[in-house]
Amino acid sequence: MATLTTTITEEITLNGKDRGSSNTMNITSVSDIYHRLVSCPANNDTTVATFQAAVHTSDNANLLACKYIRITNLDQTNQVVMSLQISNDEDGTADASTSILLTAGQSFMMSSGEEGIATSSDNANIITDAAMHDLESIIIDPQGNTVQVEVFIAS
């Protein structure tokens, strides 16, 4: 087992004062890493990660052991739409989705795919942890541009 250390650093000076920040997190007991650079062809949705509760293969991340997920849009010009496919029934089949715009060079991070996401179109209330669902997969819509994304998952 290993420890994954992640650091997020923002550097900015406003009105002559340092307003930046740096935060480091250690994720212990990591035994598997899923790391890929994925080319996403223009106008084609590309599944960049799938999650399964059963024994995972080289194409599936272990949902139950997942501790860290990062998707980075490596394109320096074009945005992508990232869709988080959600299994409401926790049966490994997507029943809902949440889409997030990743502008050029931006990253999205998530700590766990198991019971770590939910959506609601009924109201704007906060969904509590008791109503959270499993992440089934992550799909990238590169829109009209060919782009590359980086996928990093630690379990």
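Observations, loosely collected:
- Ala61 closer than 15 Å to Glu136 by Cβ, surrounded by fewer than 14 Cβ atoms within 10 Å (Cβ to Cβ) and modelled with pLDDT under 95: no
- Members of the range 30-58 found to be among the small types (Gly, Ala, Ser) and at pLDDT below 95, listed by number: Ser31, Ala49, Ala53, Ala54, Ser58
- Residues that are more than 15 Å from the chain's Cα centre (by Cα) and either among the polar types (S, T, N, Q) or closer than 17 Å to Thr46 by Cβ (or both) within the range 119-147 comprise Thr119, Ser120, Ser121, Asn123, Asn125, Thr128, Pro142, Gln143, Gly144, Asn145, Thr146, Val147, listed in sequence order.
- If you go through the range 1-53 and pick out every residue that is in contact (Cβ under 8 Å) with a residue 24 or more places away in the chain and not β-branched (Val, Ile, Thr), you end up with 21.
- The set of residues in the range 1-16 that are surrounded by 10 or more Cβ atoms within 10 Å (Cβ to Cβ) and of a type in the set (A, V, I, L, M) comprises Ala2, Leu4, Ile8.
- Output for the range 120-155, where each listed residue is assigned to a loop (DSSP other than H, G, I, E, B), touching a strand residue (DSSP E or B) at 6+ places or on another chain (Cβ under 6 Å) and more than 20 Å from Cys66 (Cα to Cα): Pro142
- Leu135 vs. criteria crowded, with 20+ Cβ neighbours inside 10 Å and either without any contact (Cβ under 8 Å) to a residue 60 or more places away in the chain or in contact with a Cys (Cβ under 9 Å, 6 or more places away or on another chain) (or both): yes
- Test: Ala124 is at pLDDT below 85 and touching a helix residue (DSSP H, G or I) at 6+ places or on another chain (Cβ under 7 Å): no
- Residue match in the range 8-19 (condition: under 18 Å from Val147 (Cβ atoms), of a type outside the set (A, V, I, L, M), at pLDDT 95 or above and not in a strand (DSSP E or B)): no
- Annotation: Thr98 fulfils all but one of (1) polar (S, T, N, Q); (2) surrounded by 11 or more Cβ atoms within 10 Å (Cβ to Cβ); (3) without any contact (Cβ under 8 Å) to a residue 40 or more places away in the chain; (4) within 19 Å of Thr6 (Cβ to Cβ); the unmet one is (4).
The values are calculated or read from the model by the stated rules, or taken from the named source; none is laboratory data. In this text the structure is predicted, and so the values were computed from the model without any measurement. In this analysis, Cβ positions are derived from the backbone assuming ideal geometry, glycine residues included, and neighbour counts consider all displayed protein chains.
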